[in-house]
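In what follows, a structure is listed as structure tokens, so that the remarks can point back to it.
The values are calculated or read from the model by the stated rules, or taken from the named source; none is laboratory data. Please read all numbers here as calculations on a predicted model, not as lab measurements. Neighbour counts run over all protein chains shown; Cβ positions are idealised from the backbone, glycine included.
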Amino acid sequence: MRVGKLTITVLFAAAAFAVIAVPVPPAGAEPIHEHMDHRHGHERAYVDHGVVVETLPHDAVVVHHGPNQYWFHGGVWYRPDHGHYVVIAPPIGVFVPVLPPFYTTLMLGGVAYYYANDAYYVWRAQEHQYEVVDPPQNVESATVTPPPAQNVFVYPNKGQTAEQQAKDRYDCHRWAVDQTGFDPTTATGDAESSSKRADYQRATSACLEARDYTVR
């Protein structure tokens, strides 16, 4: 069941090949606990649900969903809790403008589901955003397709931090979308999209190389 449309107040770094940045716990605190998400062959590490952090990534998205407020960054969701932030599963019905990094695509009954960190997202054209939905029925029979951009490898030449890499990659993603009119997170698989995808990838590579990255 869909709940009301949210308001996005901050953009976030979510190009398909972005690096997930984890908030650093304060001195003396317990280390962040992570798990490897193996479902659907996703094979990515995320912070465990229930972990409490003192601070959020500076470019986290602020999400208003009904009377509640959440934050989203790198496929990880947070809610406020007495001056701290708790890692949670996203509420069903919440909307976000861009998919998490390293999403896995699942095709089932002609519908594309995008999966990351135990959450499923579906593109809603009317809202021009992605909605968090319940796991689809018979999901294990879905056709699994990794995002094409996962075949792109980006190497920082000047020791850029993971945080800086995520920002640079998202900035270049948005620049390439503006230049080519093609967004790989919303594209179909037709011939025209395949042609535009190549233009998008060239534009993204040029932008990243200008920021001292090697793209292969």
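Restricting the search to the stretch 101-138, which residues are of a type in the set (S, T, N, Q) and under 21 Å from residue 173 (Cβ atoms)? Even if it seems obvious, please write down each step before you answer.
Our first condition is that a residue be of a type in the set (S, T, N, Q); within the stretch 101-138, this holds for 104-105, 117, 126, 129, 137-138.
Listed by number, the residues that qualify are 104, 105, 117, 129.
Does residue 58 qualify as being surrounded by 15 or more Cβ atoms within 10 Å (Cβ to Cβ), over 14 Å from the mean Cα position of the chain (by Cα), closer than 27 Å to residue 174 by Cβ and modelled with pLDDT under 90?
Here the answer is no, as residue 58 does not meet what is asked.
Every residue in the stretch 155-193 that is among the β-branched types (Val, Ile, Thr), exposed (fewer than 14 other Cβ atoms within 10 Å of the Cβ) and at pLDDT below 65, please. Step through it out loud before you land on a result.
Looking only at the stretch 155-193, we keep the residues that are among the β-branched types (Val, Ile, Thr), and these are 161, 177, 180, 185-186, 188.
Now restrict to residues that are exposed (fewer than 14 other Cβ atoms within 10 Å of the Cβ): 161, 188.
Scanning the stretch 155-193 gives a single hit, 188.
Could you check, for the stretch 53-72, whether at least one of its residues is closer than 23 Å to residue 106 by Cβ and assigned to a loop (DSSP other than H, G, I, E, B)?
No, the conditions are met nowhere in the stretch 53-72.
Results for (1) touching a helix residue (DSSP H, G or I) at 6+ places or on another chain (Cβ under 7 Å); (2) of a type outside the set (Lys, Arg); (3) in the same structural domain as residue 121 (by TED's automatic domain parsing); (4) modelled with pLDDT under 90, shown as yes or no for each residue.
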site: 14; (1), (2), (3), (4): yes, yes, yes, yes
site: 23; (1), (2), (3), (4): no, yes, yes, yes
site: 28; (1), (2), (3), (4): no, yes, yes, yes
site: 49; (1), (2), (3), (4): no, yes, yes, no
site: 64; (1), (2), (3), (4): no, yes, yes, yes
site: 77; (1), (2), (3), (4): no, yes, yes, no
site: 86; (1), (2), (3), (4): no, yes, yes, no
site: 92; (1), (2), (3), (4): no, yes, yes, no
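Scan the stretch 93-129 for residues that are of a type in the set (Val, Ile, Thr) and either surrounded by fewer than 16 Cβ atoms within 10 Å (Cβ to Cβ) or in contact with a Ser or Thr (Cβ under 9 Å, 6 or more places away or on another chain) (or both) and jot them down. Before you say what the answer is, go through the steps one by one.
Going residue by residue through the stretch 93-129, those that are of a type in the set (Val, Ile, Thr) are 94, 96, 98, 104-105, 111, 122.
Correct list: 98, 104, 105, 111, 122.
Go through the residues of the stretch 132-140 one by one and say whether even a single one is in a strand (DSSP E or B), modelled with pLDDT under 90, loosely packed, with under 15 Cβ neighbours inside 10 Å and on the phi < 0 side of the Ramachandran plot.
No - not one qualifying residue is present in the stretch 132-140.
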